[in-house]
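Data block below; observations after.
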Amino acid sequence: MTMRPILIHPDPRLKKVCAPVGDISAELRKLADDMLQTMYEAPGIGLAAPQVGELKRLIVMDCVKDKDAAPQPMALFNPEVTWTSDEMNVYEEGCLSIPEQYADVERPAEVRVKWTDVDGKEHEEQFDGLWATCVQHEIDHLNGKLFIDYLGPLKRQMITRKMVKLKKERARASA
Ligand SMILES: [Zn+2]
């Protein structure tokens, strides 16, 4: 497995609508493995392919918070929300592409999602709690949408300015 650099907002690749994947090739399975490793190392609970510069409909996640519990890595190809609850839920969200910035986002409390797994098998499952928030946040990435797009323009601009500054500092540090 290989760690992949995570793109930091603002980046045009984070604003693109990603393409569906076809047959799950060895290359796509490797990408899913690399993304899981990158996510665990970050550390984070979810990662979408465009965050590592691959404009493909693939997300990975593991929302098990208890350190003593067994990990539950998931890789979802072509994930699609098929149902959302009327009940809403607010979570303080963050994003590996927007480091150290957090804000409350309201989303449906439960969702049904269908997807294809690494073996090419179709699944449809209901998610709730943190899993529901995470899967919606990651699917948004595949449509070029970030959690800060749910915030007011002032808050969004403030965070974007901080990220521009952070990217400059990182570029200087690695020069
Ligand atoms: Zn994110």
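The values are calculated or read from the model by the stated rules, or taken from the named source; none is laboratory data. Computed from a predicted structure; not experimentally measured. All Cβ positions, glycine included, derive from the backbone under ideal geometry; neighbour counts span all protein chains shown. These accessible areas exclude ligands, DNA and RNA; they are computed on the full protein's heavy atoms, side chains included. Shrake-Rupley method; radii C 1.70, N 1.55, O 1.52, S 1.80 Å.
Taking H as built 1.01 Å from N, whose amide H comes closer than 5 Å to the amide H of Q101, not counting residues under 5 places away?
Result for Q101 returns C95.
Please get the size of the charge dipole for the chain, origin at its Cα centre, with Cβ charges of +1 on Lys and Arg and -1 on Asp and Glu, quoted in debye to the nearest 20.
1280 debye
Give the accessible surface of the chain per residue, rounded to a whole number of Å², with probe radius 1.4 Å and ligands, DNA and RNA excluded.
55 Å²
Using the C-alpha gyration tensor of the range 121-175, what are the square roots of 5 times its eigenvalues, in whole angstrom, with the largest one first?
Equivalent ellipsoid of the range 121-175: 31, 16, 9 Å, largest first.
On alpha carbon coordinates alone, what is the Rg over Rh value for the range 8-50, Rh being the Kirkwood radius?
Ratio of gyration radius to Kirkwood radius: 1.00.
From the convex hull of the Cα coordinates of the chain, what is the mean projected area in square nanometres?
Averaged projected area of the chain's Cα convex hull equals 10.6 nm².
Can you give me the % of accessible surface on the chain that is carbon or sulfur? Probe 1.4 Å, all protein chains present, nothing else counted.
51 percent
From the residues G46, A70, L31, which one has its Cα farthest along the dipole of the range 1-137 in the positive direction, the dipole being from +1 and -1 charges on Cβ of Lys/Arg and Asp/Glu about the Cα centre?
So the residue we want is L31.
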